[in-house]
Amino acid sequence: MRYGRNDLADGVRSELEASYSKHGCGPEFWTTYQQVLERLVPQGRSRTQVTNELALIIEQLGIVRRAQMVPSRESRR
């Protein structure tokens, strides 16, 4: 997940990690997750791709044991 010079992936990871540190896995954390997703999707990325990339970050941070990936439209056919 690299979107431009500022390496957005590191920023997203830091934001999610900070929210998890502050709120645990409660509703406030998932609100942050939704806010991040809404910010990223308008940047021309497919919602499925961004959702899966965020899920992998959350998995790597240890917030969930195993992230569930959203299948692409092609694989659903």
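The values are calculated or read from the model by the stated rules, or taken from the named source; none is laboratory data. Source: prediction; values computed, not measured. We place every Cβ from the backbone using ideal geometry, glycine too, and count neighbours over all the protein chains shown. Heavy atoms of the whole protein, side chains included, go into the accessibility calculation; ligands, DNA and RNA do not. Shrake-Rupley method; radii C 1.70, N 1.55, O 1.52, S 1.80 Å.
Just a few scattered comments:
Residues checked against (1) assigned to a helix (DSSP H, G or I); (2) at pLDDT 90 or above; (3) more than 10 Å from the chain's Cα centre (by Cα):
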site	(1), (2), (3)
6	no, no, yes
14	yes, yes, yes
32	yes, yes, no
41	yes, no, yes
45	no, no, yes
48	yes, no, yes
53	yes, no, no
59	yes, yes, no
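- Taking every residue in the stretch 48-65 that is over 19 Å from residue 26 (Cα atoms) and pairing it with any residue that is open to solvent by 20 Å² or more (accessible area, probe 1.4 Å) and assigned to a helix (DSSP H, G or I), at least 6 positions away or on another chain, the pairs with Cβ-Cβ distances below 7 Å are 50/41.
- Selection count, the stretch 16-30, where residues are among the small types (Gly, Ala, Ser) and outside any helix (DSSP H, G or I): 2
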